[in-house]
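J.: Have a look at this one.
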Amino acid sequence: GDVDPECKPVVIGIDFGTAYSGVAFAYRADPGSIQCGAPTAADPAQIKVPTALLQMEDGTWEFGNEAESKYNEILNEHNAIDPTQPAPAHLYKRFKMVLKGENKGFDTLMALSVNNKAHSLIELVEICLRKLKDYALGRVNGGFGGA
């Protein structure tokens with residue numbers, strides 16, 4: 001159908017899922033052509049990646065496939081040196097499940113990493129949404145069909 005002339009030049013949708021996340025967008029010039037993708041996707045056909053965050057030892061964050069693969073590398077290296085000590089990085093997965101049954105106090109909820117390090121749930125959600133937003137804007141700024 002016709003697109004309202006007041007419509008913004010692009011519409012972006014973010015799917016922030018419990019297990020997998022991705023983005024979709026369409027340009028006003030061609031609203032029937034919806035493009036999908038996700039940061040750290042293994043190939044262009046992969047439209048979602050794991051909703052996983054890895055907090056590195058230096059405080060930086062990795063997302064998606066990159067988070068999971070780096071965590072596995074770190075664990076392999078760490079276990080070869082001293083498996084009795086905690087790993088120097090923390091992987092958070094399925095942390096949205098902390099919300100189940102909650103109806104208030106979201107700013108105080110904590111999520112646990114796979115090795116039981118607590119972190120603010122609201123901060124994990126913010127980091128994920130920022131990673132997805134930055135990816136979407138990068139794709140949109142790359143132009144129609146941009147990578």
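Taken together, the values in this text are just the output of simple stated rules run on the coordinates, not laboratory data. Everything numeric in this text was worked out from a predicted model, so none of it was measured. Using ideal geometry, Cβ is built from the backbone for each residue, glycine included, and neighbour counts are taken over all protein chains shown.
J.: How far apart, in nm, are two points set 7 Å out from the Cα along the Cα-to-Cβ line at Lys104 and at Ser69?
T.: Placing both labels 7 Å beyond Cα along the Cβ direction yields 4.6 nm.
J.: For segment 51-147, run through the trypsin sites (Lys or Arg not before Pro) and keep only the ones in DSSP coil with at most 14 other Cβ atoms within 10 Å of their Cβ. Working shown, then result.
T.: Numbers: sites: Lys70, Lys93, Arg94, Lys96, Lys100, Lys104, Lys117, Arg130, Lys131, Lys133, Arg139; in loops: Arg94, Lys100, Lys104, Lys117.
Sites meeting the loop and neighbour criteria: Arg94, Lys100, Lys104.
J.: In degrees from 0 to 90, rounded to the nearest 10, what is the angle of the helix 64-81 Cα long axis to the longest principal axis of the chain?
T.: That helix lies at roughly 20 degrees to the long axis.
J.: Round to the nearest 10 and give me the degree value, 0 to 90, for the angle of helix 121-141's Cα axis relative to the longest principal axis of the chain.
T.: 40
J.: Which option, [x] 1.06; [y] 0.95; [z] 1.00, is the value of Rg/Rh (Cα atoms, Kirkwood Rh) that was calculated from these coordinates?
T.: [x]
J.: Pairs of alpha-carbon atoms within less than 8 angstrom and 6+ residues apart define the contacts here; what relative contact order does the chain have, in percent? Let's see the in-between values first.
T.: Numbers: 234 pairs, mean separation 27.9, N = 147.
It rounds to 19 percent for the chain.
J.: Can you flag which of Lys48/Lys104; Lys70/Lys93; Lys70/Lys100; Lys96/Lys117; Lys104/Lys133; Lys48/Lys70 are past 22 Å Cα-Cα? Write out the running numbers ahead of the final one.
T.: Details: Lys48/Lys104 29 Å; Lys70/Lys93 14 Å; Lys70/Lys100 29 Å; Lys96/Lys117 16 Å; Lys104/Lys133 26 Å; Lys48/Lys70 18 Å.
Cα-Cα > 22 Å for Lys48/Lys104; Lys70/Lys100; Lys104/Lys133; rest within.
J.: Based on DSSP, what percent of beta bridges with both residues in segment 10-140 are antiparallel, to the nearest 5? Before the final figure, lay out the partial values.
T.: Details: 22 of 22 bridges.
The antiparallel fraction comes to roughly 100 percent.
J.: Taking loop as defined by DSSP and a crowding limit of 13 other beta carbons within 10 Å, which GluC sites (Glu not before Pro) in segment 57-124 fit? Before the final figure, lay out each step's value.
T.: Numbers: sites: Glu57, Glu62, Glu66, Glu68, Glu73, Glu77, Glu102, Glu123; in loops: Glu57, Glu102.
Those that pass, being in a loop and sparsely packed, are Glu57, Glu102.
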